[in-house]
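K.L.:
Supplied in structure tokens, the structure appears directly below.
The values are calculated or read from the model by the stated rules, or taken from the named source; none is laboratory data. This one's a predicted model, so the numbers in the text were calculated from it and none came from an experiment. Note that each Cβ is placed from the backbone with ideal geometry, even for glycine, and that neighbours are counted across all protein chains shown.
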Amino acid sequence: LNSLQAPRQPHFEREPSPLTLEQILGYVTVRVSPENYLALCEELKLELPLPPNLETAVPKRQALYLAGRWCARKALQEAGLFEPPMIGTGPVGEPLWPRGWLGSITHSQTHVSAAVFQPGNYSGLGLDNEIIMSEKTLAAVKSRISTEAEQKQKPTEMSERLYYSLLFSAKESLYKALYPTVQRFFDFQAAQWRDLGSGQCELQLTQTLHPELQQGLCLPGLYQQIGDQVFTAVFWCKRAD
Ligand SMILES: CC(C)(COP(=O)(O)OP(=O)(O)OC[C@H]1O[C@@H](n2cnc3c(N)ncnc32)[C@H](O)[C@@H]1OP(=O)(O)O)[C@@H](O)C(=O)NCCC(=O)NCCS
């Protein structure tokens, strides 16, 4: 189990995970400091492989990739897989989970999280973490990330920057939750986000993405704002019938 001990130098610190993910078996979050990216990379490279396309990447990218893999393997270990294998990377960047397991990885500049589960109650899970977008970014991306209906539904008590950051992050979580099944790109018009209050939300598919993911299907999600960041999770629970 030595390979899953935290790095000898504390280049990252374990933190309580930001969301309450029921029935998710393992969920690990660490905080990283941008000034430690280089040291963190050097430390984690001793125990985790980098895919060839990241060998020449900047330290920030390498550090966040490796910390994501570290969190994912730690989450598998805490979920009961005591000798977790290395988690590979698929053709479009998706993590390749050990047989019988699924999960999701996300990173911002300062936080890295991974959650894992065994398909059963859930068929898909996506996690995402974003820095709340600036006014400038919002103006540049608003029409690409939101539908016209979402633009009309913004709750008056929520700032535009928070609303669109939550909507964007939840849609990225949705993408990660469904990609292993859908196996192709789908854009931000494919679902509509709705705030349900108290950190709960839902995403309704506006198009059929797969025989089991028909237009109109609603998927539950969770969100949390901490400081200048938002954390989201989206679940796909197949109906039992
Ligand atoms: C793939 C994508 C969702 C990643 O989100 P991001 O905010 O850029 O980055 P995050 O740090 O949160 O997540 C990155 C991690 O997601 C995982 N990931 C990448 N592609 C993935 C995919 N196709 N399926 C599942 N997980 C994926 C990887 O583990 C990656 O980290 P790593 O490269 O270090 O292993 C995003 O870049 C993207 O392509 N979005 C467009 C598609 C979309 O969101 N459509 C909306 C549908 S409503």
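K.L.:
Among the residues of region 85-94, which ones are more than 10 Å from the ligand (Cβ to nearest atom) and buried (at least 17 other Cβ atoms within 10 Å of the Cβ)?
P.N.:
Within region 85-94, none qualify.
K.L.:
Looking only at region 34-48, which residues are outside any helix (DSSP H, G or I) and surrounded by 15 or more Cβ atoms within 10 Å (Cβ to Cβ)?
P.N.:
Hits for region 34-48 are 47, 48.
K.L.:
How many residues are of a type outside the set (Lys, Arg) and free of Cβ contacts under 8 Å to residues at least 60 places away in the same chain if we restrict to region 121-142?
P.N.:
Summing the residues that are of a type outside the set (Lys, Arg) and free of Cβ contacts under 8 Å to residues at least 60 places away in the same chain in region 121-142 gives 8.
K.L.:
Out of (1) closer than 23 Å to residue 26 by Cβ; (2) in contact (Cβ under 8 Å) with a residue 24 or more places away in the chain; (3) within 10 Å of the ligand (Cβ to nearest atom), what's the single condition that is false for residue 145?
P.N.:
Of the numbered conditions (1) closer than 23 Å to residue 26 by Cβ; (2) in contact (Cβ under 8 Å) with a residue 24 or more places away in the chain; (3) within 10 Å of the ligand (Cβ to nearest atom), the odd one out for residue 145 is (1).
Yes or no, residue by residue, for (1) under 16 Å from residue 28 (Cα atoms); (2) within 15 Å of the ligand (Cβ to nearest atom):
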{"residue": "96", "(1), (2)": "no, yes"}
{"residue": "104", "(1), (2)": "yes, yes"}
{"residue": "114", "(1), (2)": "yes, yes"}
{"residue": "126", "(1), (2)": "yes, yes"}
{"residue": "137", "(1), (2)": "no, yes"}
{"residue": "152", "(1), (2)": "no, no"}
{"residue": "159", "(1), (2)": "no, no"}
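K.L.:
Within region 23-33, can one find any residue that is within 29 Å of residue 221 (Cβ to Cβ) and among the charged types (D, E, K, R)?
P.N.:
Yes, some residue in region 23-33 is within 29 Å of residue 221 (Cβ to Cβ) and among the charged types (D, E, K, R).
K.L.:
Answer yes if at least one residue in region 201-222 is within 11 Å of the ligand (Cβ to nearest atom), assigned to a loop (DSSP other than H, G, I, E, B), touching a strand residue (DSSP E or B) at 6+ places or on another chain (Cβ under 8 Å) and modelled with pLDDT of 95 or more, and no otherwise.
P.N.:
yes
K.L.:
On to the next question. Give just the number: which of (1) under 24 Å from residue 235 (Cα atoms); (2) away from the ligand (no atom under 12 Å from the Cβ) does residue 68 not satisfy?
P.N.:
Of the numbered conditions (1) under 24 Å from residue 235 (Cα atoms); (2) away from the ligand (no atom under 12 Å from the Cβ), the odd one out for residue 68 is (2).
K.L.:
What tally of residues in region 177-191 results from selecting those that are surrounded by fewer than 20 Cβ atoms within 10 Å (Cβ to Cβ) and outside any helix (DSSP H, G or I)?
P.N.:
5
K.L.:
Let me ask another. Given the condition away from the ligand (no atom under 15 Å from the Cβ) and among the hydrophobic types (A, V, I, L, M, F, W, C), answer yes or no: does some residue in region 39-60 qualify?
P.N.:
Checked region 39-60: at least one residue is away from the ligand (no atom under 15 Å from the Cβ) and among the hydrophobic types (A, V, I, L, M, F, W, C).
K.L.:
Listed residues 174, 167; which is crowded, with 21+ Cβ neighbours inside 10 Å, closer than 17 Å to residue 126 by Cα, near the ligand (Cβ under 8 Å from one of its atoms) and among the hydrophobic types (A, V, I, L, M, F, W, C)?
P.N.:
174
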